[in-house]
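A short write-up of the structure that comes next.
The values are calculated or read from the model by the stated rules, or taken from the named source; none is laboratory data. In this text the structure is predicted, and so the values were computed from the model without any measurement. Virtual Cβ from ideal backbone geometry, glycine too; neighbours counted across all protein chains shown.
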Amino acid sequence: MRTLSQLALLLLLLRVVAQREGPTRESKGSHSLQFLFMGASHPDLGLPSFVALGYVDEHLFVYYDHESRKAKPRGPWIQKEEIDELWVRLTQSLKGWDHMFFVDLWTIMDNHSQGQGSHILQVILGCELLVEDNRTRSFWKYGYDGQDYLIFHPETMNWTAVQPEAQVTKQEWEMTKIRAKQHRAYLERDCPEKLQRYLETGSEILNKKVPPLVRVTRHITHEGVITLKCQAHNFSPVNITLSWLWDGKQLNQGTELGDIYPSGDGTFQIWIAVDVTPGEEQRYACQVEHPGLNQPLIMTWEHSPLSVTLATGITTGSIVSMIITTTVVIIWKKRKVSSFLSPRRIDRELYPD
């Protein structure tokens with residue numbers, strides 16, 4: 001059974017897609033394949049030795065960890081196909097990355113003269129296919145102990161040392177030409193080929209447009225502040241725009257937009273809130289735009305006894321959120337997560353059985 005610290009760290013690891021340096025699905029007409037790696041030199045507080053996750057676009061499709069040494073399907077479109085060859089190859093590939101991950105981590109530690117203590121390494125790599133002209137872009141980046149560390153440039157086969165402490169590792173890796181050639185071959189040849197295959201395999205799910213289900217609720221705090229909250233859920237793809245209208249005009253300030261969260265079934269959810277003056281609730285409307293909608297959806301709060309929510313105490317969901325947040329803070333103090341792995345999204349599909 002996972003400890004809270006393990007769960008919290010995995011949350012941090014897997015909420016990275018929205019703020020990484022790499023392709024984002026918010027740019028239309030593109031598809032991406034990306035892998036996220038994270039591990040600790042001396043696991044403590046429940047930190048994993050090595051965890052790998054693979055995404056096609058915003059969809060998690062594979063999970064791997066050092067303990068099981070096996071690639072496990074996490075996407076409904078991948079599991080349905082049951083391609084044995086795919087999982088054999090993925091397992092072998094991730095085993096290789098598992099090994100190289102520890103080699104890189106200990107190399108970096110040696111270059112920092114840090115043979116003792118626990119240190120964390122994070123890696124993000126992958127490619128993006130631009131549908132319009134079939135061009136590809138790629139990325140390969142390292143983070144170490146809460147800081148951006150090294151960035152690989154396949155066109156020149158050189159590394160950029162983001163931190164002064166990374167200079168020694170940069171020079172060492174650039175002396176090993178075979179490493180740079182292998183990295184470039186993967187980013188420019190293997191990754192696009194794999195992405196194309198995954199897109200063909202999962203075209204039905206990946207291209208499916210599911211319109212959002214939307215509702216507006218009214219909440220009152222102890223201080224008497226009235227908030228309208230517009231919640232959109234069960235939508236795919238992830239691209240969506242939420243905004244508040246006041247007398248038909250869009251509000252550009254005074255609103256709070258939540259993060260996009262995967263729902264665990266291939267769809268997503270998000271919310272946007274606004275504080276309102278008592279009695280003026282009907283002057284506000286939530287506008288939702290999504291590829292699954294033929295036109296923007298406009299929703300208002302419908303007054304009924306059941307539509308008023310009084311925030312009189314801490315709900316079960318709030319308690320869980322507090323526990324996770326507290327644990328994340330503890331881990332963050334122990335070793336901050338790199339800025340390019342900033343927490344933005346939680347994927348409830350990720351946890352292995």
The lone condition Ile324 fails out of (1) among the aliphatic types (A, V, I, L, M); (2) at pLDDT below 95; (3) farther than 30 Å from Ser118 by Cβ is (3)
Residue pairs qualifying under the 6 Å Cβ cut-off, at least six apart or on distinct chains, with the first in region 100-111 being more than 14 Å from Ser49 (Cβ to Cβ) and the second being among the aliphatic types (A, V, I, L, M) and modelled with pLDDT of 90 or more, are Asn111/Val168
All-but-one check, Asp145 against (1) closer than 30 Å to Ser203 by Cβ; (2) crowded, with 20+ Cβ neighbours inside 10 Å; (3) acidic (Asp, Glu), failing number (1)
Counting only residues in region 72-119 that are among the aliphatic types (A, V, I, L, M) and modelled with pLDDT under 90, the one surrounded by the fewest Cβ atoms within 10 Å (Cβ to Cβ) is identified as Val88
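Would you please name the residue that is surrounded by the most Cβ atoms within 10 Å (Cβ to Cβ), looking only at residues in region 170-203 that are of a type in the set (Ser, Thr, Tyr) and either at pLDDT 95 or above or within 27 Å of the chain's Cα centre (by Cα) (or both)? Don't jump to the end; show me each part of the working.
From region 170-203, those of a type in the set (Ser, Thr, Tyr) are 176, 186, 198, 201, 203; that's our starting set.
Then drop every residue that is not either at pLDDT 95 or above or within 27 Å of the chain's Cα centre (by Cα) (or both), which leaves 186, 198, 201, 203.
Details: Tyr186: 19, Tyr198: 24, Thr201: 19, Ser203: 11.
If we take residues in region 170-203 being of a type in the set (Ser, Thr, Tyr) and either at pLDDT 95 or above or within 27 Å of the chain's Cα centre (by Cα) (or both), then Tyr198 is surrounded by the most Cβ atoms within 10 Å (Cβ to Cβ).
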When region 270-284 is checked residue by residue, the ones that are at pLDDT 95 or above and either under 30 Å from Asn207 (Cα atoms) or assigned to a loop (DSSP other than H, G, I, E, B) (or both) are Ile270, Trp271, Ile272, Ala273
Residue count, region 162-198, condition in contact with a strand residue (DSSP E or B) (Cβ under 6 Å, 6 or more places away or on another chain), among the aliphatic types (A, V, I, L, M) and outside any loop (DSSP other than H, G, I, E, B), comes to 3
Within region 222-235, does at least one residue satisfy the condition of being assigned to a strand (DSSP E or B), touching an Asp or Glu at 6+ places or on another chain (Cβ under 7 Å), within 22 Å of Gln282 (Cα to Cα) and among the hydroxyl-bearing types (Ser, Thr, Tyr)? yes
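If a residue must be crowded, with 17+ Cβ neighbours inside 10 Å, among the polar types (S, T, N, Q) and either farther than 19 Å from Arg69 by Cα or in contact with a Lys or Arg (Cβ under 7 Å, 6 or more places away or on another chain) (or both), how many such residues does region 120-142 contain?
First pass over region 120-142, keeping only residues crowded, with 17+ Cβ neighbours inside 10 Å: 120-129, 136, 138-142.
Filter once more, so that each one left must be among the polar types (S, T, N, Q): 122, 136, 138.
Filter once more, so that each one left must be either farther than 19 Å from Arg69 by Cα or in contact with a Lys or Arg (Cβ under 7 Å, 6 or more places away or on another chain) (or both): 136, 138.
Total meeting the criteria: 2.
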Looking across region 240-262 at residues that are in contact (Cβ under 8 Å) with a residue 40 or more places away in the chain and closer than 24 Å to Gln295 by Cβ, the single one that is surrounded by the most Cβ atoms within 10 Å (Cβ to Cβ) is Trp244
